[in-house]
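What follows is a set of notes on a single structure, which appears directly below.
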Amino acid sequence: VQEVRASSTGPQITAIRGLSEVISACTPEDMALVNSAIFIGVSSSLAASEDSDFMVRQMLGASVKDGTVTVGDMVRPGLRFRFFVRDPAAAVEAVESTMAGYKRARLMEMMAGGGRTPAAGMLLFGGLGRGRSLFGSPNFESRLVI
C-alpha cells in the first residue's frame, strides 16, 4: 500500500500526480498488476476513515493536461479515493480473513453459551472481475469458504 496525501497547507495533489507517485514506488511485481488494469475506489462519505470501504470503479481515462482521471461513476468533490489493482493473492487473503473472523465470532458465541441458531448456509456474491478471470479457475472463492 502506497499512501499519497495532500498537505493541508500546501497545494492540492492532482489525481494524475498521485497516481504517478504510487506507480513510481511500485515493485516489479506490483507493476505487473498495474499493467493489467487500474481501478479507482471511492469512499461513500466525506467522513471516510483510513479503513473505510471503497466502491471500486473502472478508471476510464486520464488527462495529464488538467491532472484528472475519468471514473465510471459520479464522484462528489471532497471524497477520499484510492487506486486499486486486481490482486489474486490479496483477494484470497481477504476472503480467508473474513471467514476466519466469522468462525472466530461463532466459536466465541458457542463458548459463551450463545443461543443463536447456527447458520444453515451462506450467500457469496462475486463481482464480474473475479472468478476465472482473476483466479484462473471457476468457483475458486466458493471453494475457499466451504
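Taking amide H atoms as placed 1.01 Å from N in the peptide plane, the amide H of N139 lies under 5 Å from those of R132, each 5 or more residues away in sequence or on another chain.
Taking every C-alpha pair closer than 8 Å and separated by at least 6 residues, the mean separation divided by the residue count of segment 52-146 gives a relative contact order of 22 percent.
In the full protein context, segment 56-131 carries 78 Å² of accessible surface per residue, based on a 1.4 Å probe and ignoring ligands, DNA and RNA. Residues M31, M108, M74, sorted by accessible area with the largest first, give M74, M108, M31 [1.4 Å probe; ligands and nucleic acids excluded].
With a Förster radius of 41 Å applied to the beta-carbon distance between D66 and M31, the computed FRET efficiency rounds to 0.95.
Measuring with a 1.4 angstrom probe and ignoring ligands and nucleic acids, R57 comes out at about 80 Å² accessible. Computed over neighbours whose Cβ is under 15 Å from that of G67, the net charge equals 0, Lys and Arg +1, Asp and Glu -1.
Ligands, DNA and RNA aside, F140 has an accessible area near 60 Å² when probed at 1.4 Å.
Please compute the length gained on full extension between K103 and R130, using 0.36 nm multiplied by the number of residues separating them and subtracting their Cα-Cα distance. Write down the numbers at each step before the final one.
Details: separation 27, 0.36 × 27 = 9.72 nm, distance 2.36 nm.
Result: 7.4 nm gained on full extension.
In segment 16-146, the portion of solvent-accessible area held by carbon and sulfur atoms comes to 59 percent [1.4 Å probe, whole percent, DNA, RNA and ligands not counted]. Neighbours of V34, meaning other residues whose beta-carbon lies under 12 angstrom from its beta-carbon, give a summed charge of -2 when Lys and Arg score +1 and Asp and Glu score -1.
The values are calculated or read from the model by the stated rules, or taken from the named source; none is laboratory data. Quick caveat, the model's predicted, so the values are computed rather than measured. Glycine gets a Cβ as well: all are built from the backbone with ideal geometry, and neighbour counts include every protein chain shown. Heads up: the accessible areas ignore ligands, DNA and RNA and are worked out on the full protein's heavy atoms, side chains in. Shrake-Rupley method; radii C 1.70, N 1.55, O 1.52, S 1.80 Å.
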